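What follows is a set of notes on a single structure, which appears directly below.
The values are calculated or read from the model by the stated rules, or taken from the named source; none is laboratory data. Being a predicted model, the structure only gives us computed values, none of them experimental. Every residue, glycine among them, receives a Cβ derived from its backbone with ideal geometry; neighbour counts consider all protein chains shown.
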Amino acid sequence: MTMEAYEYDDGTIRYPGHPRGPGGTEPVDTIDLSEYTAEVITWTTSTATPPGVREPNHLAIVEFDVEGESVRAIGQVTTGDIETDDEVKPVYVEELRDPDAGIREPESQEWDGYRFEPV
């Protein structure tokens with residue numbers, strides 16, 4: 001599983017990827033952000049979470065430096081012991097939330113993804 005970002009012909013990189021980039025251009029390449037580390041820009045802890053999401057739920061906005069291009073992402077953090085400017089790495093998890101909780105059919109979407117873990 002990759003944490004796929006899209007690169008466009010003007011050099012910008014977006015996560016999550018979009019079929020159209022700046023100026024309506026199509027992606028020219030993909031980049032696996034799971035191969036990079038990032039810096040925590042800001043973080044929070046939610047104690048009122050949606051059904052199936054762990055409580056408390058630690059979240060962070062992180063910034064990757066990919067060949068001089070800044071790429072930001074938001075996601076869960078593996079621990080509440082996190083601070084602004086900490087270095088983190090993406091780690092794959094099979095279930096970001098409990099597929100049996102909530103109103104959606106478990107087969108209707110993917111439940112895996114990435115959390116950020118302090119380095």
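Some observations on this one:
- Checklist (1) outside any loop (DSSP other than H, G, I, E, B); (2) modelled with pLDDT under 95 applied to ALA48, failing item: (1)
- Region 48-69, subset farther than 21 Å from ILE82 by Cα and of a type outside the set (A, V, I, L, M, F, W, C), residue surrounded by the fewest Cβ atoms within 10 Å (Cβ to Cβ): GLY68
- Applying the condition of being part of a loop (DSSP other than H, G, I, E, B) and touching a His at 6+ places or on another chain (Cβ under 8 Å) to region 76-119 and asking which residue is farthest from GLU55 (Cα to Cα) yields ILE82.
- Within region 1-18, being within 30 Å of PRO56 (Cβ to Cβ) and in contact with a Pro (Cβ under 9 Å, 6 or more places away or on another chain) holds for MET3, GLU4, ALA5, ARG14, GLY17.
- For region 21-45, a tally of residues being in contact (Cβ under 8 Å) with a residue 24 or more places away in the chain and outside any strand (DSSP E or B) returns 4.
- Pairs where the first residue, in region 67-81, is within 16 Å of LEU96 (Cα to Cα) and the second is of a type in the set (D, E, K, R), C-beta under 6 Å, 6+ apart: GLN76/ARG115; THR78/ARG115; THR78/GLU117
- Matching residues, region 2-17, being surrounded by 13 or more Cβ atoms within 10 Å (Cβ to Cβ) and either among the acidic types (Asp, Glu) or farther than 16 Å from GLU69 by Cα (or both): THR2, MET3, GLU4, GLU7, ASP9
- Condition met for GLY21 (touching a Pro at 6+ places or on another chain (Cβ under 7 Å), on the phi < 0 side of the Ramachandran plot and buried (at least 18 other Cβ atoms within 10 Å of the Cβ)): yes
- Pairs linking a residue in region 96-119 that is closer than 20 Å to ILE74 by Cβ and at pLDDT below 95 to a residue that is aromatic (Phe, Trp, Tyr) and surrounded by 13 or more Cβ atoms within 10 Å (Cβ to Cβ), with Cβ atoms under 9 Å and 6 or more positions apart or on different chains, are LEU96/TRP111; LEU96/TYR114; ARG97/TRP111.
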